[in-house]
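For reference, the structure discussed in these notes is given below.
The numbers here are math on the coordinates, done by the rules we state, and not lab data. All figures in this text were calculated on a predicted structure; none of them were measured in a lab. Every residue, glycine as well, gets a Cβ built from its backbone with ideal geometry; the counts of neighbours run over all protein chains shown.
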Amino acid sequence: MNRKVLILFLLIAFVMVGIFVYNEQFSAEAIKKKIVNQEGYTFELQKENVPIEFFIKPDWIPISSEEPLTIDETVYSDEQTNIVLMEVNKRGEHLTFSFDTKYRLNRESGNLLVNYTMNPGGGITTKSSMDDIQLIDKNHNKIETNGEGRGPDEKFGFDIDHGQYATIADGFFVRYNLFNKYSYKKIK
């Protein structure tokens, strides 16, 4: 019996070490961290302020519910970058839409979108203006936000005041203007 327990323990330990190594070396997050920190990769700005646009479906707008609505749907894809609507939450008199940026990175080379600028000496710079996120209804009219936010990492979101609910009930378009396109390549 002790031998079986020892083998089971070693097998579990081996699997846990494998999962740890994978997460630290080969996961999309680990690869992105190496790319952005230029650890074995070149990382070069290709284009600033790449506008992206996507549609928020009426099914994703919980106007009458007080419960947070977990969406977890990709609303935009570009090469190796996905923008995912994670959650819509009704908080008092407004709806909060929360997005995350997820990557499908190739270990050798590719392009990715990030909502900051890499500084030559290291570190990042973020910038913000009132036109970073534009909301447009189906009739091409501007919808006012009640607030916008970014972070951590490439997360972002915005709030819509309850006075705008009738305008967004049939869905709306989001234009986000803060992504920068970078190319990366593994140094051989």
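Which condition breaks for Gly92 when tested against (1) surrounded by fewer than 19 Cβ atoms within 10 Å (Cβ to Cβ); (2) in contact with a strand residue (DSSP E or B) (Cβ under 8 Å, 6 or more places away or on another chain)?
With respect to (1) surrounded by fewer than 19 Cβ atoms within 10 Å (Cβ to Cβ); (2) in contact with a strand residue (DSSP E or B) (Cβ under 8 Å, 6 or more places away or on another chain), Gly92 is out only on (2).
Residue-wise test of (1) among the aromatic types (Phe, Trp, Tyr); (2) crowded, with 19+ Cβ neighbours inside 10 Å; (3) part of a strand (DSSP E or B).
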{"residue": "Val88", "(1), (2), (3)": "no, yes, yes"}
{"residue": "Leu113", "(1), (2), (3)": "no, yes, yes"}
{"residue": "Pro120", "(1), (2), (3)": "no, no, no"}
{"residue": "Lys127", "(1), (2), (3)": "no, no, no"}
{"residue": "Thr145", "(1), (2), (3)": "no, yes, no"}
{"residue": "Pro152", "(1), (2), (3)": "no, no, no"}
{"residue": "Ile160", "(1), (2), (3)": "no, yes, yes"}
{"residue": "Gly163", "(1), (2), (3)": "no, no, no"}
{"residue": "Thr167", "(1), (2), (3)": "no, no, no"}
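Under 9 Å between Cβ atoms, at least 6 apart or on separate chains: pull out the pairs that start in region 31-53 with a residue that is without any contact (Cβ under 8 Å) to a residue 24 or more places away in the chain and end on any residue that is in a helix (DSSP H, G or I).
Lys34/Gln25; Glu39/Lys33
Can you tell me which residues in region 24-80 are part of a helix (DSSP H, G or I) and out of contact with any helix residue (DSSP H, G or I) (no Cβ under 7 Å at 6 or more places or on another chain)? Quick ask: steps written out before the conclusion?
To start, the set of residues in region 24-80 that are part of a helix (DSSP H, G or I) comprises 24-25, 28-36, 58-60.
Of everything in region 24-80, those that are part of a helix (DSSP H, G or I) and out of contact with any helix residue (DSSP H, G or I) (no Cβ under 7 Å at 6 or more places or on another chain) turn out to be Gln25, Ala28, Glu29, Ile31, Lys32, Lys33, Lys34, Ile35, Val36, Pro58, Asp59, Trp60.
List pairs: first residue in region 101-115 and within 13 Å of Ile31 (Cα to Cα), second residue among the acidic types (Asp, Glu) anywhere in the structure, Cβ distance under 6 angstrom, at least six positions apart or on different chains.
The qualifying pairs are Asn111/Glu79.
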